[in-house]
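Notes for the one structure printed next.
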Amino acid sequence: MGEDHGEPLVREIDIDAGPETVFEFFVDSEKLTRWLAVAATLDPRPGGACIQVHVGDHRRPGRWEMRGEFLEIDAPTRVVFSWGFTDPEIGVPPGSSIVEVTLLRAGSGTRVRLVHRSLPATEVEDHARGWADMLDRLALAVLEGERVQ
């Protein structure tokens, strides 16, 4: 049967900015590091690198390198990339799971729908908590970016 994969993890948040603005926070290294990672190398085209350095928390301190690649880019409504970590302590090897982000116009803003598939069942809870926190940070980063312009 292979590894025990949990159900796809689904998180949604509404952000008061257009999809064109929010999209950039997934494909622009400088903007991605305002909310998701402390460093990033992004080549947003199918097959392009999606490398992020994350800082852990009290449960998993340290620096963790996420290595994936962009699978689909459809600006400004969809970004799909593979996801996994080089350190085996996080039980999600590089390329072993998929993050699919859909940006839908919702009134004057955007509904961000993030679906993370093929996570090992043991990692779903950690990633669910992580994505909830990160999407809150995304909303703040987008709104701060809007004010700066």
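The values are calculated or read from the model by the stated rules, or taken from the named source; none is laboratory data. Computed from a predicted model, the values in this text were never measured in an experiment. Here Cβ is always computed from backbone atoms with ideal geometry, including for glycine, and neighbour counts include all displayed protein chains.
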So, Leu138, is that one within 11 Å of the chain's Cα centre (by Cα) and buried (at least 16 other Cβ atoms within 10 Å of the Cβ) or not?
yes
Tell me, yes or no, whether the stretch 103-113 has at least one residue that is in a loop (DSSP other than H, G, I, E, B), of a type in the set (S, T, N, Q), under 14 Å from Asp14 (Cα atoms) and at pLDDT below 95.
yes
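Yes/no per residue for (1) within 14 Å of the chain's Cα centre (by Cα); (2) more than 27 Å from Leu143 (Cα to Cα); (3) touching a residue at least 24 places away in the same chain (Cβ under 8 Å):
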position: Arg45; (1), (2), (3): no, no, yes
position: Ile51; (1), (2), (3): yes, no, no
position: Pro61; (1), (2), (3): no, yes, no
position: Phe70; (1), (2), (3): yes, no, yes
position: Val79; (1), (2), (3): yes, no, yes
For the stretch 36-89, how many residues meet the condition of being out of contact with any His (no Cβ under 7 Å at 6 or more places or on another chain), among the aliphatic types (A, V, I, L, M) and within 17 Å of His116 (Cα to Cα)?
6
Hits in the stretch 23-46 (condition: in contact with a Ser or Thr (Cβ under 8 Å, 6 or more places away or on another chain) and of a type in the set (Gly, Ala, Ser))
Ser29, Ala39, Ala40
Tally the residues that are in contact (Cβ under 8 Å) with a residue 60 or more places away in the chain and more than 16 Å from Leu32 (Cβ to Cβ), restricting the search to the stretch 123-142.
6
Exception for Ala75 within (1) at pLDDT 95 or above; (2) among the aliphatic types (A, V, I, L, M); (3) under 30 Å from Ala121 (Cβ atoms); (4) surrounded by fewer than 16 Cβ atoms within 10 Å (Cβ to Cβ) falls at (3)
Residue count, the stretch 78-102, condition modelled with pLDDT under 95 and small (Gly, Ala, Ser), comes to 2
Considering only residues that are of a type in the set (Ser, Thr, Tyr) and in a loop (DSSP other than H, G, I, E, B), look in the stretch 78-102 and name the one that is surrounded by the fewest Cβ atoms within 10 Å (Cβ to Cβ).
Thr86
In the stretch 1-33, the residues that are surrounded by 15 or more Cβ atoms within 10 Å (Cβ to Cβ), modelled with pLDDT under 95 and in a loop (DSSP other than H, G, I, E, B)
Gly6
